[in-house]
There are 2 protein chains.
Amino acid sequence: MALTIIGTMAFDALETPFGKVDRIIGGSATYAAWAASYFTTPIRQVSIVGGDFPKEEIKALEDRGVEFDGLEIVPDGKSFFWSGKYHMDMNTRDSLITDLNVLAQFDPKIPDSYQDSDYLMLGNLAPAVQMSVLDQLKERPKLIIMDTMNFWMDIALDTLKDVLKRVDLLLVNDGEARQLTGEYSLPKAAKKIREMGPKYVIIKKGEHGALLFHGDKIFSAPALPLEDVFDPTGAGDSFAGGFIGYLSRTDDCSFENMKAAIILGSTMASFCVEKFGPNRLKELTSAEIEARVNEFIKLMEVNIEVSLAVNY
Amino acid sequence: MALTIIGTMAFDALETPFGKVDRIIGGSATYAAWAASYFTTPIRQVSIVGGDFPKEEIKALEDRGVEFDGLEIVPDGKSFFWSGKYHMDMNTRDSLITDLNVLAQFDPKIPDSYQDSDYLMLGNLAPAVQMSVLDQLKERPKLIIMDTMNFWMDIALDTLKDVLKRVDLLLVNDGEARQLTGEYSLPKAAKKIREMGPKYVIIKKGEHGALLFHGDKIFSAPALPLEDVFDPTGAGDSFAGGFIGYLSRTDDCSFENMKAAIILGSTMASFCVEKFGPNRLKELTSAEIEARVNEFIKLMEVNIEVSLAVNY
């Protein structure tokens, strides 16, 4: 099924304990589209870049079934630029530079050709921008998922809550779930978020995996215990892209299928961190993906004869 | 099969965000024995208490198949006493008082009647005490697991490393695994620990579950996402007791069965934290345990048609 992704396409400068790059392709929609492209087509990108954004990067995504009618190119503008440095634990980072550039004027237009997409991912953007996208849709997609971050909770909480009322699933990390709800317990936080609108909540816990909440059901997905995380940038966006890409491919939004989608999202995130930027995501084979999914399955597989477990 | 547990039996004073108790039964061997008693018998306790330790607590454990030939009672001594206060996140705590009392003179004697135990748990004690227990064994048990903590890494690292050479499995939390090895990555830390002796390593991650490492195999067990953790004291010891209790019951030390044992250990830990001290562990029914195990299984259950996952 068709999938629309709204998010950033950008340049990043990254420093990790394993090395640094001064200028590499980044942005939430870039990572999400690369990850989703292994599962579904067409993918319809909505983003904004400057004239400095490489044509060959767009071409590479087009070759994977990504459409760009919704990409605004500002010829004399510069693309969004983010620079960050990761600490040794790779879970915390300092933002060094955030140059919005053309992103400051991002006012996304949903092309008519995108109106029949059944799946929609609202990447981490200003809640007002996410809202504007929802307002332009003539029909509600089958599934709307959104990402956000603590920054928007700090400066645009009311609009964020308005957007939440209109989406099916919220993706946040554990710290953001706690900030949004004031609850330390993640099941309690997820319950409060579901009262705000989304029927499904995914709480990402980095190296500890992810939790999916829906009604009274919970699924706990592990992260792959990796010996080396080379560059965590884009892992969350790759997760989101793999997740919704798989849902779009299978066109099944049941809780059971979302569990599988989380494993596929985790698989794409585990590849993403192996090289700088989206480089690893660009070169995957289906055999590699299948082998990695099998690693996840093995990691979680257990057989217990419950009735034999207890003594007395 | 028979299981020997070496550890503390003690009094605790606890303060959590949910309340406080001035004096409640505690100690690693107490929690481990209660948890293990739901799976196996006999359990053979090796510990030391003062004349102040309640006879009815010992009687209650005897009624569950726990033997006390290896318990030293010092009539005019006082039992080990620990007092702690938990922070809001329940993962961090301050030790307020640590009165060793009779524990300072603990020189465990393994009774002849314990010599045929196939399963041995060395609870978190001074490495020299753990070593003395191993030296007294006429035959090596089928499985020896040990617990330890950062304190012993600080003050008795060499002896700790000597004990490690003689055990099959080490149980530590993530911070301790990192301290012991100087590796941030948990798979790397587990590899280094296995080079120190134990063929199996379990890394406990509190609310994030636990990882089991053996050879090139890894199992990732979730923790139950709990709305309320009432008192985390003893959760790790209940995990260890449930784990080795189940192995002892099934008498199967394969990696596959250890995965099941970790779920049973996690089950007992999840009960432990529901009330102060070991109170919840004292009142469990097999129906409750089976239902909780089924919750864990549901939490991890996922079906993926791997060959259908990838687009191209």
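The values are calculated or read from the model by the stated rules, or taken from the named source; none is laboratory data. The shown structure was predicted, so the numbers you read here are calculated from the model rather than taken from an experiment. For neighbour counting, all protein chains shown are included, and Cβ atoms are generated from backbone atoms with ideal geometry for every residue, glycine included.
The table that follows gives values for the structure above.
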| item | result |
| --- | --- |
| Evaluation of A:Met300 against (1) touching a strand residue (DSSP E or B) at 6+ places or on another chain (Cβ under 6 Å); (2) surrounded by 20 or more Cβ atoms within 10 Å (Cβ to Cβ); (3) over 30 Å from A:Phe11 (Cβ atoms) (one fails), failing number | (1) |
| Enumerated strands (runs of 3 or more DSSP E) restricted to the range A:32-94, each holding at least 2 residues that are at pLDDT below 95 | A:80-86 |
| Count of residues meeting criterion [modelled with pLDDT under 90 and under 22 Å from A:Phe18 (Cβ atoms)] in the range A:276-312 | 0 |
| Set B:Ser254, B:Ser238, B:Ser220: member being of a type in the set (Gly, Ala, Ser) and in contact with a strand residue (DSSP E or B) (Cβ under 6 Å, 6 or more places away or on another chain) | B:Ser220 |
| Counted residues, the range B:259-268 - those being more than 10 Å from every other protein chain (Cβ to nearest Cβ) and either over 21 Å from B:Ile193 (Cβ atoms) or free of Cβ contacts under 8 Å to residues at least 60 places away in the same chain (or both) | 2 |
| Every residue from the range B:223-245 that is in contact with a Gly (Cβ under 7 Å, 6 or more places away or on another chain) and within 9 Å of another protein chain (Cβ to nearest Cβ) | B:Ala223 |
| Matching helices (runs of 4 or more DSSP H) fully within the range A:145-252 where at least 3 residues are among the aromatic types (Phe, Trp, Tyr) | A:235-250 |
| All positions within the range A:152-201 that are within 12 Å of another protein chain (Cβ to nearest Cβ) and at positive phi | A:Gly182 |
| Failed criterion for B:Lys161 (all others in (1) closer than 25 Å to B:Phe11 by Cα; (2) out of contact with any strand residue (DSSP E or B) (no Cβ under 9 Å at 6 or more places or on another chain); (3) at pLDDT 95 or above hold) | (1) |
| Residue check, B:Lys217 closer than 25 Å to B:Leu299 by Cα, buried (at least 22 other Cβ atoms within 10 Å of the Cβ) and among the charged types (D, E, K, R) | no |
| Among residues of the range A:216-233, those that are hydroxyl-bearing (Ser, Thr, Tyr) and over 17 Å from the mean Cα position of the chain (by Cα), counted | 1 |
| Scope the range B:283-297; condition more than 8 Å from chain A (Cβ to nearest Cβ) and either closer than 16 Å to B:Ala223 by Cβ or surrounded by fewer than 18 Cβ atoms within 10 Å (Cβ to Cβ) (or both); matching residues | B:Glu283, B:Thr285, B:Ala287, B:Glu288, B:Ala291, B:Arg292, B:Glu295, B:Phe296 |
| Where B:Lys142 falls short, out of the listed (1) in contact with a strand residue (DSSP E or B) (Cβ under 6 Å, 6 or more places away or on another chain); (2) surrounded by 15 or more Cβ atoms within 10 Å (Cβ to Cβ) | (1) |
